[in-house]
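The structure under discussion appears below in the form of structure tokens.
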Number of protein chains: 2
Amino acid sequence: MAAAYFDSGRTDSASFELFVRALPEERNFLVAAGLEPLLDAVEQWRFDEEDIAFLRSLGQFSDGFLGHLATLRFSGEMRAVPEGEIVFAGEPIVEITGPRIEAQLLETLALNVIGTHTTQASKAARVGIAAQGRAFVDFSARRDHGRDAAMSAARAAMIAGASATSLVAAGRALDVALSGTMAHAFVMSFDDERDAFRTFARAFPGDAVLLIDTWDTIEGAHHAVAVANELRSDGVSIDGVRLDSGDLAVLSRKVRAILDGGGLRDVRIFVSGDLDERAVAALIGEGAPIDGFGVGTRMGTSEDAPSLGVVYKLVADARGPKLKLSEGKATLPGRKQIWRNEDYDVLGLDAEHSEGRPLIEPVLASGRRLAAPVPITRLRDRCSDAIAALPSRLRSLDPADPSYDVRVSGELSALVDDLLAVHKVG
Amino acid sequence: MAAAYFDSGRTDSASFELFVRALPEERNFLVAAGLEPLLDAVEQWRFDEEDIAFLRSLGQFSDGFLGHLATLRFSGEMRAVPEGEIVFAGEPIVEITGPRIEAQLLETLALNVIGTHTTQASKAARVGIAAQGRAFVDFSARRDHGRDAAMSAARAAMIAGASATSLVAAGRALDVALSGTMAHAFVMSFDDERDAFRTFARAFPGDAVLLIDTWDTIEGAHHAVAVANELRSDGVSIDGVRLDSGDLAVLSRKVRAILDGGGLRDVRIFVSGDLDERAVAALIGEGAPIDGFGVGTRMGTSEDAPSLGVVYKLVADARGPKLKLSEGKATLPGRKQIWRNEDYDVLGLDAEHSEGRPLIEPVLASGRRLAAPVPITRLRDRCSDAIAALPSRLRSLDPADPSYDVRVSGELSALVDDLLAVHKVG
């Protein structure tokens with residue numbers, strides 16, 4: 001497509017908008033995420049010699065086009081909703097404006113990065129809502145869709161309020177807290193579970209979380225008590241125990257009683273194992289004495305909605321705002337702004353003025369980012385504030401009724417009517 | 001955990017097995033995939049200076065352990081089911097044997113790579129079954145979970161029978177066929193749809209697939225006919241038209257009639273838009289005159305089952321076979337083999353002999369792969385043969401009843417009983 005633009009001389013400027021047409025059933029809002037990684041990728045975006053050689057080998061592209069690709073960098077601008085803010089269906093998350101070929105070639109990259117991070121952050125925010133202030137940790141790396149997805153899942157979870165991730169590479173790359181884990185295989189490498197616990201507790205004095213369900217959870221809890229009391233004279237304490245199987249509500253109560261009875265009132269109980277926001281909410285609802293949740297696969301893959309219908313649509317070019325009419329897939333024309341008010345948003349044209357806080361801001365110009373990357377801790381605070389500011393019905397795991405109110409401005413509505421009239425006449 | 005192994009001197013050899021506990025509801029079988037990428041990653045696996053510096057900065061690890069990590073390479077062996085073969089719940093897909101620390105540290109990598117590729121290939125195989133020999137193309141890159149996931153989705157789809165991918169990077173890296181696409185934005189960059197079609201058809205003479213639903217599909221079909229007939233005198237033909245919205249069964253029939261009426265009987269009809277195996281099967285069931293399907297998000301993210309419950313479990317160490325008893329999560333002990341017979345598999349100990357074709361073979365020794373990578377075309381043939389050899393009830397989109405028969409060998413059952421008895425006594 002880019003080749004056809006080039007060969008037909010269509011190198012004028014165009015604006016594309018990235019948004020989600022409709023929210024998945026169990027999403028009352030989305031957490032915008034992935035902007036910093038996208039800005040990195042856009043700044044670094046280029047076709048190297050091997051790319052060009054490969055494209056040439058296909059025999060489909062002109063030398064002129066391939067020569068153009070070889071020197072191509074993104075020279076345009078981007079506007080976006082800051083990471084950690086809340087967005088709704090139909091609201092632009094990112095807008096990319098630049099020479100048509102460049103902006104078009106960024107489509108797959110932009111959709112992939114923003115879509116993945118936003119999918120993962122929006123799911124993690126639900127886990128955070130369910131956890132009601134208790135800790136939850138990202139355990140998803142092993143089952144996320146590739147290394148990138150594991151990194152983005154860790155980052156998205158941290159933005160959405162997770163207290164740590166188990167992915168060491170994410171800890172290093174993102175400067176976020178790590179949570180070490182102990183696997184059943186570790187316990188199984190010892191003949192006596194107590195030897196496994198002793199070894200682990202001594203390796204990480206004060207920090208160890210002992211996995212107690214390898215053979216029998218109740219026996220494991222007694223072993224943890226025995227080992228903790230035995231090591232106390234050496235000045236070694238344990239932080240907690242973890243349950244990874246069985247009826248976690250029932251077992252956590254029994255384990256709490258065993259720990260308390262053994263003088264380990266400060267030792268925390270962590271649970272894991274196929275958890276998601278519904279499971280976390282159910283455990284808390286049952287009054288289970290659980291201090292923290294390891295949440296993995298279902299959060300990182302956003303199991304109930306593993307993709308958002310992110311789309312990337314032409315909204316304006318040098319000749320003005322553009323409209324698409326495909327059945328069930330129409331798009332609103334023009335470069336836009338979102339104005340947030342206490343319980344509704346206004347979606348209008350950027351050139352308009354409206355009540356409320358404007359969400360979309362310039363983030364890149366002439367191909368360079370306008371500000372340094374924002375630390376995860378700040379994104380996390382922003383996300384927490386944004387969720388807290390939502391009408392309370394949206395902070396439910398069930399579909400909010402009514403859903404959030406996004407109003408199309410009068411000027412934007414009028415523009416749609418004008419363009420429809422032109423198309424019908426044409 | 002690795003640090004605790006090291007500091008306690010537990011550097012003996014151990015065997016871990018990667019398998020899926022239970023198939024998702026809508027999977028009658030899995031397509032084993034991801035082995036070649038895993039072998040690449042295992043051969044290249046190491047901790048670089050920055051990794052070590054980061055781990056040192058955490059203040060949790062001994063100098064001895066960090067020094068060990070700095071020189072660590074995988075020195076062990078791997079056995080695996082070849083890519084493209086079919087596997088079932090409980091059957092080892094990969095077995096990793098080596099010094100305990102090394103084999104343990106590979107857990108997340110192995111689960112992530114094999115889990116992702118196998119998830120994607122198993123979903124794509126269902127699309128292939130639904131397509132009944134018609135072409136399907138991987139369109140998923142824009143919504144897969146990151147760049148790795150887009151690459152693995154393309155590769156997995158090709159193994160499972162897709163005819164091409166739209167991801168240019170995958171075409172280059174994997175030497176697989178590419179399918180160019182035209183977006184609505186391209187059409188919208190022209191005032192007259194016919195100009196868009198002319199430009200695209202001339203840019204890719206003979207290969208162009210025109211997207212005809214930007215404004216009105218029926219009008220678009222007439223425009224395609226007009227442009228094709230106009231360009232014929234210049235020796236330029238078009239390959240097909242694509243519909244991406246609306247009722248595809250109804251519209252494809254109308255479009256076929258328009259194309260045929262315009263003398264374009266050879267022009268093919270492609271469809272896309274939120275397709276999965278169910279949608280493909282329904283369109284074919286309705287007799288829709290569709291020649292090929294662009295299948296994207298729902299295939300690449302394996303929407304109905306975005307992860308498999310892949311696990312990585314210790315099955316043996318220097319002291320013999322190992323058993324885990326966690327409630328609902330027990331594991332079968334010992335290093336194994338799968339023997340495939342016409343309509344059942346035998347899962348037994350590697351040292352046994354059984355009827356049938358053994359599926360697990362050595363793939364890596366002393367940390368080096370034993371054979372060169374297998375070209376995708378061969379994996380694709382293997383997968384096609386393996387699916388064709390299944391009992392026919394498994395080649396249904398609905399749950400097979402009964403499910404495939406995987407029999408635990410007498411020797412393996414006896415070993416479980418022996419270990420249970422030991423544990424109960426202990």
Look at A:R126 and say whether it is basic (K, R) and within 19 Å of the chain's Cα centre (by Cα). yes
Residue hits (the range B:46-60; part of a loop (DSSP other than H, G, I, E, B) and either of a type in the set (S, T, N, Q) or at the interface with chain A (Cβ under 9 Å from one of its Cβ atoms) (or both)) are B:L58, B:Q60
Among the β-branched types (V, I, T), touching a residue at least 60 places away in the same chain (Cβ under 8 Å) and either under 19 Å from B:G146 (Cβ atoms) or not assigned by TED's automatic domain parsing to the domain that holds A:E361 (or both): which single residue out of A:I101, A:I86, A:I114 fits that description? A:I114
Check A:I290, A:I284, A:I338 and return the single one that is crowded, with 23+ Cβ neighbours inside 10 Å, more than 9 Å from every other protein chain (Cβ to nearest Cβ) and in contact with a Lys or Arg (Cβ under 8 Å, 6 or more places away or on another chain). A:I290
Checking A:L264 against (1) over 20 Å from B:A330 (Cα atoms); (2) surrounded by fewer than 23 Cβ atoms within 10 Å (Cβ to Cβ); (3) within 14 Å of another protein chain (Cβ to nearest Cβ), which single condition isn't satisfied? (3)
Subset of the range B:399-412, residues over 30 Å from B:V280 (Cβ atoms) and surrounded by 14 or more Cβ atoms within 10 Å (Cβ to Cβ), comes to B:R407, B:V408, B:S409, B:E411, B:L412
Sort through A:A365, A:A351, A:A318 and tell me the only one that's small (G, A, S), surrounded by 14 or more Cβ atoms within 10 Å (Cβ to Cβ) and either at negative phi or not assigned by TED's automatic domain parsing to the domain that holds A:E411 (or both). A:A365
So which pairs qualify, if the first residue must be in the range B:294-313 and among the hydroxyl-bearing types (S, T, Y), the second must be modelled with pLDDT of 95 or more and assigned to a strand (DSSP E or B), the Cβ gap must be under 7 Å, and the two must be at least 6 apart or on different chains? B:Y312/B:F16; B:Y312/B:L18
Criterion first (modelled with pLDDT under 90 and either outside the structural domain of A:G294 (by TED's automatic domain parsing) or of a type outside the set (V, I, T) (or both)) does A:D191 satisfy it? yes
Could you list all residues from the range B:48-77 that are among the small types (G, A, S) and over 35 Å from the mean Cα position of the chain (by Cα)? B:A53, B:S57, B:G59, B:S62, B:G64, B:G67
Please find, among B:A53, B:A33, B:A41, B:A80, the residue that is more than 30 Å from B:A162 (Cα to Cα) and hydrophobic (A, V, I, L, M, F, W, C). B:A53
Please enumerate the residues belonging to the range A:341-398 that are of a type in the set (G, A, S), outside any helix (DSSP H, G or I) and within 27 Å of A:A281 (Cα to Cα). A:A389, A:S396
Given (1) more than 21 Å from A:A281 (Cα to Cα); (2) within 14 Å of another protein chain (Cβ to nearest Cβ); (3) among the β-branched types (V, I, T), index of the condition A:V255 fails: (1)
In the range A:199-312, which helices (runs of 4 or more DSSP H) lie fully inside it and hold 1 or more residues that are farther than 27 Å from A:G128 by Cβ and not small (G, A, S)? A:217-231, A:248-261
Restricting to the range A:14-45, and then to whatever is away from chain B (no Cβ under 11 Å) and among the small types (G, A, S), can you tell me which residue is nearest to A:M158 (Cα to Cα)? A:A33
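Matching residues to (1) of a type in the set (K, R); (2) in contact (Cβ under 8 Å) with a residue 24 or more places away in the chain; (3) touching a Lys or Arg at 6+ places or on another chain (Cβ under 6 Å):
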| residue | (1), (2), (3) |
| --- | --- |
| A:E193 | no, yes, no |
| A:T199 | no, no, no |
| A:P205 | no, yes, no |
| A:V227 | no, yes, yes |
| A:E230 | no, yes, no |
Got at least one residue in the range A:276-293 being at pLDDT below 95 and under 27 Å from the mean Cα position of the chain (by Cα)? no
Within the range B:177-198, restricting attention to residues that are assigned to a loop (DSSP other than H, G, I, E, B) and in contact with a strand residue (DSSP E or B) (Cβ under 6 Å, 6 or more places away or on another chain), which residue is surrounded by the fewest Cβ atoms within 10 Å (Cβ to Cβ)? B:A177
So which of B:I360, B:I290, B:I269 is under 30 Å from B:G206 (Cα atoms) and touching a Pro at 6+ places or on another chain (Cβ under 8 Å)? B:I269
In this structure, does A:L211 turn out to be of a type in the set (A, V, I, L, M, F, W, C), away from every other protein chain (no Cβ under 14 Å) and either touching a strand residue (DSSP E or B) at 6+ places or on another chain (Cβ under 8 Å) or buried (at least 23 other Cβ atoms within 10 Å of the Cβ) (or both)? no
May I ask you to list the residues in the range B:10-51 that are surrounded by fewer than 20 Cβ atoms within 10 Å (Cβ to Cβ) and among the hydroxyl-bearing types (S, T, Y)? B:T11, B:S13
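The values are calculated or read from the model by the stated rules, or taken from the named source; none is laboratory data. Being a predicted model, the structure only gives us computed values, none of them experimental. We place every Cβ from the backbone using ideal geometry, glycine too, and count neighbours over all the protein chains shown.
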